[in-house]
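Chemist: Please find one structure pasted underneath; my questions will follow.
The values are calculated or read from the model by the stated rules, or taken from the named source; none is laboratory data. Predicted model only: the values in this text are computed from it and were never measured. Glycine also receives a Cβ, built like all others from the backbone with ideal geometry; neighbour counts cover every protein chain displayed. For the accessible areas, the whole protein counts, side chains as well, though only heavy atoms, and no ligand, DNA or RNA atoms are used. Shrake-Rupley method; radii C 1.70, N 1.55, O 1.52, S 1.80 Å.
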Amino acid sequence: MKVGDRWYRTIWPSEDGGAVEVIDQTRLPHAFEVVRLQSLEAAAEAIRVMQVRGAPLVGATAAYGLCLALQEDSSDQALQHGVELLAATRPTAVNLRWALGEVVAAVGPLPAAERVAAAWRVAARICDDDVAACRSIGEHGLELLRGLARDKGDRALNVLTHCNAGWLATVDWGTALAPVYLAHDAGMNVHVWVDETRPRNQGAALTAFELGAHGVPHTLIADNVGGHLMQHGMVDLCLVGSDRTTSRGDVANKIGTYLKALAAHDNKVPFYVALPSTTIDWEIADGIEEIPIEERSPAEVIRVAGRTKEGIDSSVEIAPPGCAAANFAFDVTPARLVSGLLTERGVCEASTVGLRHLFPERAVVISGVH
Ligand code: MRU
C-alpha cells in the first residue's frame with residue numbers, strides 16, 4: 001500500500017542482499033521507520049516484541065528468519081535451531097508454524113550448499129502468495145460489502161473491525177481491511193468503526209493509521225463501545241481477521257473479538273472473519289480446547305504508551321503500584337457466532353462442511369478417512 005508517494009510491502013529483502021527490511025510497527029503511528037534484520041535472532045526478536053505482527057506477516061518474517069539462519073550456517077542442526085527459536089516467539093498464529101514448515105520442506109532434502117538460495121526463494125514465494133490471497137479476499141469481500149450496501153441508498157455502510165487486520169498485518173492489502181480498501185477505491189460510501197484494541201492499541205495505532213493514509217472514513221472507539229453501536233443500528237457488518245481458524249470454523253483472533261461476536265449475534269449484525277487459508281489449522285477442530293492462547297507481559301496492561309503534546313514518546317502507568325494484571329492476547333469465537341469465513345477462494349459457512357466445500361483437497365486431513 002502507499003505511504004506518502006511510495007508503495008510499500010511490510011517486509012522485503014534488502015537491496016544489497018543478505019538482510020531483510022521491515023516497517024517497525026512499534027513506532028507507528030508517530031514515526032514511520034524501517035528496520036534492517038540481519039540475523040535469525042533479530043528476526044525472532046522482531047516477532048517477539050511485535051515490530052512485526054499480524055498472523056500472515058509473522059509467518060513471512062519467520063520464513064525470512066530461516067533464510068538469515070541458513071546464511072550463517074546451513075547445517076541440519078542450524079535449521080532445527082532456527083525453527084525452534086522462531087516457533088517459540090508467538091504461539092497462537094498458526095501461519096508461523098506453517099511458514100516454517102514450508103521452508104523446511106523445501107530446503108531439508110537439499111545439500112547444504114543449495115539451501116540458502118532455496119530458502120530465499122520460498123520466503124519470496126510465501127510473500128507473493130500472501131499478497132495474491134489478500135487481494136483475492138478483498139475482491140470476494142467487495143461483493144459481500146456491495147450486497148450489504150444495496151439497501152443503504154446514500155448512507156454509509158458501517159463496518160466495525162477489531163485490532164489490525166489491514167495491510168500492516170499481512171505482506172500487503174490485509175485481510176479484513178482488503179475489501180474496505182477496494183470498496184472505497186470503487187467509490188462506495190464505507191465508514192469503519194475502529195476498536196482501539198487494548199492493551200497494545202493496534203486499532204488506534206495501526207488501523208487508524210492505515211485507513212487515514214488511504215483516505216477511508218473511520219472513527220476510533222473505545223473497545224467497549226461496539227455493543228452500544230450495534231443496539232442502535234450503527235453497525236452493518238463486523239469484519240475481523242484471524243490468527244488461527246480450526247477445521248470446523250472456530251476462530252482465534254485478538255482478545256475481545258469474542259465479545260464483539262456475542263454482541264453481533266444478539267443484535268443480528270453479520271459477523272464475518274477474513275483469512276487466507278494459511279491461517280487454517282486443519283489438524284484441530286475445537287478452538288477453545290485446542291488453540292494455544294498467547295499470554296504476554298502484564299506490563300502491557302499496566303502501562304500505556306503514546307506521544308506527549310511535546311512530541312516525546314513515553315509510557316505511563318494506569319494502575320496502582322504492584323497491581324496484578326493478566327494479559328491474554330487472543331480469544332476464540334466459536335463457529336456458531338460466525339456468519340461466514342471470507343477466504344481467497346470465496347465465502348463459506350464457518351463449519352467443517354463449509355471449509356471442505358472451499359478446500360476439497362483438505363478433506364483427507366479433516367476426515368482422516370480418505
Ligand atoms: O497480536 P497481533 O497484533 O499480532 O494480533 C493481530 C490480530 O489479532 C489480527 O487480527 C490477526 O493477526 C489477523 S491478521 C490479518
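Chemist: Which pairs have Cβ atoms under 9 Å, sit 6 or more apart or on different chains, and link a residue in the stretch 104-130 that is more than 28 Å from Trp173 (Cβ to Cβ) and open to solvent by 80 Å² or more (accessible area, probe 1.4 Å) to one that is modelled with pLDDT of 95 or more and among the β-branched types (Val, Ile, Thr)?
Modeler: Here the result reads Glu114/Val107, each pair linking the stretch 104-130 to a residue that is modelled with pLDDT of 95 or more and among the β-branched types (Val, Ile, Thr).
Chemist: Next question, about the same structure. Do we find that Val225 is aliphatic (A, V, I, L, M), more than 15 Å from the ligand (Cβ to nearest atom) and part of a loop (DSSP other than H, G, I, E, B) in this structure?
Modeler: Values: aliphatic (A, V, I, L, M): yes; more than 15 Å from the ligand (Cβ to nearest atom): yes; part of a loop (DSSP other than H, G, I, E, B): no.
No, not satisfied.
Chemist: Okay, moving on. Which residue out of Thr207, Thr197 is in a helix (DSSP H, G or I), in the same structural domain as Pro270 (by TED's automatic domain parsing) and surrounded by 20 or more Cβ atoms within 10 Å (Cβ to Cβ)? It would help to see each step written out before you state the result.
Modeler: Values: Thr197 fails: in a helix (DSSP H, G or I).
So the residue among Thr207, Thr197 that is in a helix (DSSP H, G or I), in the same structural domain as Pro270 (by TED's automatic domain parsing) and surrounded by 20 or more Cβ atoms within 10 Å (Cβ to Cβ) is Thr207.
Chemist: Hey, another quick one. Residues of the stretch 127-149 being hydrophobic (A, V, I, L, M, F, W, C) and under 22 Å from Tyr8 (Cβ atoms), which ones?
Modeler: Cys127, Val131, Ala132, Ala133, Cys134, Ile137
Chemist: Same structure again: Right, Ala165: in a loop (DSSP other than H, G, I, E, B), crowded, with 22+ Cβ neighbours inside 10 Å, in contact (Cβ under 8 Å) with a residue 60 or more places away in the chain and not acidic (Asp, Glu) or not?
Modeler: Taking the combined requirement at face value, the residue satisfies it.
Chemist: Quick check on Leu100: is it assigned by TED's automatic domain parsing to the domain that holds Thr26, modelled with pLDDT of 95 or more and either within 14 Å of the ligand (Cβ to nearest atom) or not β-branched (Val, Ile, Thr) (or both)?
Modeler: yes
Chemist: How about the stretch 7-85: which strands (runs of 3 or more DSSP E) wholly inside it have at least 2 residues that are in contact (Cβ under 8 Å) with a residue 40 or more places away in the chain?
Modeler: Working: elements: 11-13, 20-23, 34-37.
In the stretch 7-85, 11-13, 20-23 are the strands (runs of 3 or more DSSP E) which contain 2 or more residues that are in contact (Cβ under 8 Å) with a residue 40 or more places away in the chain.
Chemist: Right, another one. Closer than 17 Å to Leu211 by Cα and among the small types (Gly, Ala, Ser) - does that describe any residue in the stretch 7-30?
Modeler: No, there is no match, as no residue in the stretch 7-30 is closer than 17 Å to Leu211 by Cα and among the small types (Gly, Ala, Ser).
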